[in-house]
Amino acid sequence: PGRLGRMAPAIRRSRLALLGSALAALAALPWPSAWSGAADEVVAQVEAACRSWGAPLSSLGLRKLQEGLGRSSSVLSPPSIAWRLAQLRFFAAGEQCWPQVTEMCARRPEVFMDASVKKIWEEDGLLAIHKPWGMRVYLPRNDAGDRYRTWPGELTVHDWLKEMFPNQRTYMCNRLDFATSGLMLVALNQQAAKHASALFRKREVHKFYQALVLGHPGATWDGNGTRLCDRLRDVPGCFARRVGAEGQAAETTVKVLQRGQWPKDAPYEGGCSEGSVETKLRRLEASLVQVEPKTGRRHQIRVHLASSGHPILGDDCYGGQPWGKRWTCHRMFLHSWRLRLPWMEKSHLL
């Protein structure tokens, strides 16, 4: 730039024009694009899956899928796409809602992103990982006590850890729900596991989540936030929990970070599977909140937010379906965001 600034104006303009022409010519060359090839493979996999379950993509659906993938900055992994499609096929089979699944694949292609476990931090035998949404920590057990895969090819956090550390036993220090994403702690030896368990038992690990909830909470949720202290109880024969005076004590602090609307763009449904008709929907009031559970009860955050009148967006168990409809949202928007803990005489914020 300094040399160009000292040149005569005419010469400077001429050289800049040549430079611009050269850059344009380079850009026009057929450079190989790994992302483009991966995106094409994703589109082909989704097209084949939608045809196989009897709700093929329409021309609109194909265009929406391609546009959505084009906007994404995430790395596209065809094996992860196949894993997520197998998962969608399993859950949709029981409901026979194939056009809605095709619709979600087209309008919410982010359903195919973030399907792997990632290492975030490691120190002195303790590992922090990122768990994707829609993944169990361990395989469930049947009545005989044997573990089984719910659908063909199901992968768990435990499976990923065995691949990362093939000759080493790992110990889960905390767990996240199947539908929740974010930070988890894993010990790489017994000593670290014992120390980490003591930290959780003494409540010296401070957990911070972010959630997208339906509605705009009142002003009491601003500033330092508000405490939600409803007791939680099990319901016989039901996986979901409820608020009840006879239940377990539970405490959650929640505060609003931002109020707005969801989704960002004007929402529509229909039109993305052959034979369906596109209709416009209204945007929904939604808020981004920070959540700090003081206790660690099962489904604590989900039940507390739902009982306050602001369920987590995408939480099918507790009334978080947008417009009251399933398959209009690709995930439950609850994320384990930060962990603060003392480890080996140092304080860490992950």
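Taking region 200-230 as the range and being in a strand (DSSP E or B), aliphatic (A, V, I, L, M) and within 23 Å of the chain's Cα centre (by Cα) as the test, the residues that pass are A211, L212, V213, L214. Could you say whether any residue in region 95-102 is of a type in the set (S, T, N, Q), at pLDDT 85 or above, more than 25 Å from W337 (Cβ to Cβ) and assigned to a helix (DSSP H, G or I)? Yes: region 95-102 contains one or more residues that are of a type in the set (S, T, N, Q), at pLDDT 85 or above, more than 25 Å from W337 (Cβ to Cβ) and assigned to a helix (DSSP H, G or I). Considering region 231-274 alone, what residues qualify as being in a loop (DSSP other than H, G, I, E, B) and either free of Cβ contacts under 8 Å to residues at least 12 places away in the same chain or over 29 Å from L65 (Cβ atoms) (or both)? Hits for region 231-274 are R231, P236, G237, G244, A245, E246, G247, A249, A250, E251, K264, D265. Considering region 212-225, the residues that are out of contact with any His (no Cβ under 7 Å at 6 or more places or on another chain) and among the hydrophobic types (A, V, I, L, M, F, W, C) include one that is surrounded by the fewest Cβ atoms within 10 Å (Cβ to Cβ), namely A219.
Filter region 151-165 down to the residues that are farther than 24 Å from L127 by Cβ and surrounded by fewer than 13 Cβ atoms within 10 Å (Cβ to Cβ), then identify the one that is nearest to the chain's Cα centre (by Cα).
Checking each candidate, the answer is G153.
Test of understanding: among R107, R141, which residue is in contact with a Cys (Cβ under 7 Å, 6 or more places away or on another chain) and of a type in the set (D, E, K, R)? Steps first, please.
Working: R141 fails: in contact with a Cys (Cβ under 7 Å, 6 or more places away or on another chain).
Of R107, R141, the one residue that is in contact with a Cys (Cβ under 7 Å, 6 or more places away or on another chain) and of a type in the set (D, E, K, R) is R107.
Here is a yes/no grid of residues against (1) touching a residue at least 40 places away in the same chain (Cβ under 8 Å); (2) under 15 Å from the mean Cα position of the chain (by Cα); (3) open to solvent by 50 Å² or more (accessible area, probe 1.4 Å):
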site	(1), (2), (3)
P79	no, no, yes
F90	yes, no, yes
W121	yes, no, no
L126	yes, no, no
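Just so you know, in region 59-77 the residues that are open to solvent by 20 Å² or more (accessible area, probe 1.4 Å) and not in a helix (DSSP H, G or I) include one that is nearest to V42 (Cα to Cα), and it is S77. If I filter region 243-281 down to residues being among the hydroxyl-bearing types (S, T, Y) and in contact with a Gly (Cβ under 8 Å, 6 or more places away or on another chain), which single residue comes out as surrounded by the fewest Cβ atoms within 10 Å (Cβ to Cβ)? My answer is T279.
The values are calculated or read from the model by the stated rules, or taken from the named source; none is laboratory data. For clarity, every value in this text was computed on a predicted model and none was experimentally measured. Ideal geometry is used to build each Cβ from the backbone, glycine not excepted, and the neighbour counts take in all protein chains shown. Each accessible area value is taken on the protein alone, full model and side chains, heavy atoms only, with ligands, DNA and RNA left out. Shrake-Rupley method; radii C 1.70, N 1.55, O 1.52, S 1.80 Å.
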